[in-house]
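Below is one structure, written out as structure tokens, with a few remarks after it.
The values are calculated or read from the model by the stated rules, or taken from the named source; none is laboratory data. Worth saying up front: this structure is predicted, and the values here are computed from it rather than measured. Cβ: placed from backbone, ideal geometry, glycine included. Neighbour counts: every protein chain shown. All accessible areas refer to the heavy atoms of the entire protein, side chains included, with ligands and DNA or RNA removed. Shrake-Rupley method; radii C 1.70, N 1.55, O 1.52, S 1.80 Å.
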Amino acid sequence: MFVSLNKKFIYTIFIFFIITSLIFLYSFYLTYGIRFQDDLKANIVRNQQYINLLYENNLMKKEFIKLSQKHSDIKLPQEISVNDSSSLEKTISKEKQRILQLQKSYDDRYTSVYEGIKFVAASSVLIILSLLLLWFLLKRWVIIPLRTLADVSKNVAEGNLSQRAQPYKQRYFLDETDFLIDTFNNMLDELEKSISEIQTTENFLQKIIDGIPDGLRVIDSEHNIIIANKAYYKQVGSPNKKLKCYEASQHRTTPCNSNIVNCPLNEICNKKKKHLHVIQQFAHNPNKHLYINAAPLKIKNKTLIIEIIRDLSDDIKFSHEQKLSSLGFMTTSVAHEMKNHLGAIRIIVERILENRTNLREEQNKLLELVLQQIIESIAVPERLLKLSRLSTDDNQEINCYENIKDVTSLMDYEAKTHGINIKIEGKKNIKIIGNENDFKMILINLILNAIKAEKTNGEITISLQDDAHHNLIKIADNGCGISAEALPHIFEPFYSDGKEGNIGGTGLGLAIVKSITEKLKGNISVESKIGVGTCFSLQFPKINKK
């Protein structure tokens, strides 16, 4: 229970005064009052006895005189006379007066005691006034400065560093409390200055780490996030800076199970690992794979963990763009060379056909076939050039059949060298919205994977179907298939289950396919069986004509 110093001083003074007054009055009463009463009672009893004796003596004398008068043979003693009774009464009267004087003397003495009590009362009043003056001075010199410091300290604890303790406006004589207030205010000035510098440094540091494109967070052994950047909060989908690491990333209420999730904190703090590289998915976007590079950070006797979290979709996008760039550079060079030579041959054949009157019918047919093949050959580098152009238009209307036909024509030679036939079936009028180059890159990756997985004299079937709301494209092969253990992981970045050197790759091909499919607002699924084959299904929304 809180009791202010002001009340403590008042209660202490009051209790001290009551106890002191009671002790003083009781001691005074014991010392003087009871003794006076006892003396008065003793004197009154003694005087009363003396008067009684005088009365008895007087009565005896009267009786003796009466006997002597009745009996003549009885003679009075010389010391007894008739007049003695009157003198005895005078003596008794004097004794009564002396008793009255004695009582008056005791009354005077009690009066003096009463005056003494009045003096004590007056002294008590003076003592109370002195104590009140002392309390007023204590309040002004001690309690009010301490209360001022307490109020300012409370405001500072709540974060208001601009508050200051205000001393008295007129200070003629400085004391320790004045120096305490001045020192306290100077301390607050330095504290505010230091906190301002720390906040400036923190803001500068926060701006630096916010400029890092990858997610960054520093956590302690209690799973508290000490600092993080904007990229990280975007990855977890929450700007709340007070969440634990497992609350922010996995939406859990308890720490992650180390048997299920490869936790960098557990590996570094408990297993004493120096560096750790793991791939995780955060609950905010479970389809994104995040590459986490974690390392311990020693500060004094405290171990912190710093984590750099990279979104692998950026690497996938870079790999996709790098492939397109390499393809563009290659196809541009090849296409120009092919077009120049094929163009020259086309001109020669056309000149011959212009003067074909001297040619036989069979020769005419052969030359026309040559011209047709040259025209189709010229169309190949045209398609290559079209594929190599990095289009920025993500709202193109894509004719799926035509694009599939272009891609398969480019890869027809690769398929035939492996004895593989590519077949296209289904509807020819299916269209979707997106970037045409992205759609072709999906087809290239899936067809290449099918060619690598296919057996000799195999077949790849591309079918196009639709329903009321979706367009469906299936790419099926009758190759080696994918194991049930590997099937859930094939879309993960850097995962490759290739058993042979010509099959294994970087592990980014299917990750790129999945990323581009989602960019086109579609989804991809796969069915596979070892020794039977694999079928990839692409589902895209139909074009809303409105």
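Numerical summary
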{"quantity": "Heavy-atom accessible area order for E190, E485, largest first, 1.4 Å probe", "calculated": "E485, E190"}
{"quantity": "Built amide H within the under 5 Å cut-off of E459, gap 5+", "calculated": "N421, N478"}
{"quantity": "Per-residue HN-Hα couplings for the range 240-248 [Karplus 6.51, -1.76, 1.60; θ = phi - 60°; Hz; x = Gly/Pro]", "calculated": "5, 8, 9, 6, 6, 4, 6, 5, 6"}
{"quantity": "The range 210-281 - accessible surface per residue (Å², probe 1.4 Å)", "calculated": "58 Å²"}
{"quantity": "Greater than 18 Å apart at Cα, pairs in K288/K519; K427/K529; K271/K298; K416/K455; K405/K455; K405/K427", "calculated": "K427/K529; K405/K455"}
{"quantity": "Ranked by how many other beta carbons lie within 10 Å on average, peptides 415-424, 14-23, 241-250 from highest", "calculated": "241-250, 415-424, 14-23"}
{"quantity": "Charge context of S162, other residues only, Cβ under 15 angstrom, K/R +1, D/E -1", "calculated": "-2"}
{"quantity": "Amide proton proximity set for I226, modelled H, under 5 Å, gap of 5+", "calculated": "V218, I219, D220"}
{"quantity": "Carbon and sulfur %, accessible surface of the range 249-291 computed with the full protein complex present, 1.4 Å", "calculated": "47 percent"}
{"quantity": "Under 5 Å, built H, 5+ apart or other chain: amide partners of N523", "calculated": "Q539"}
{"quantity": "R346 accessible area, assembled protein chains, probe 1.4 Å, Å²", "calculated": "80 Å²"}
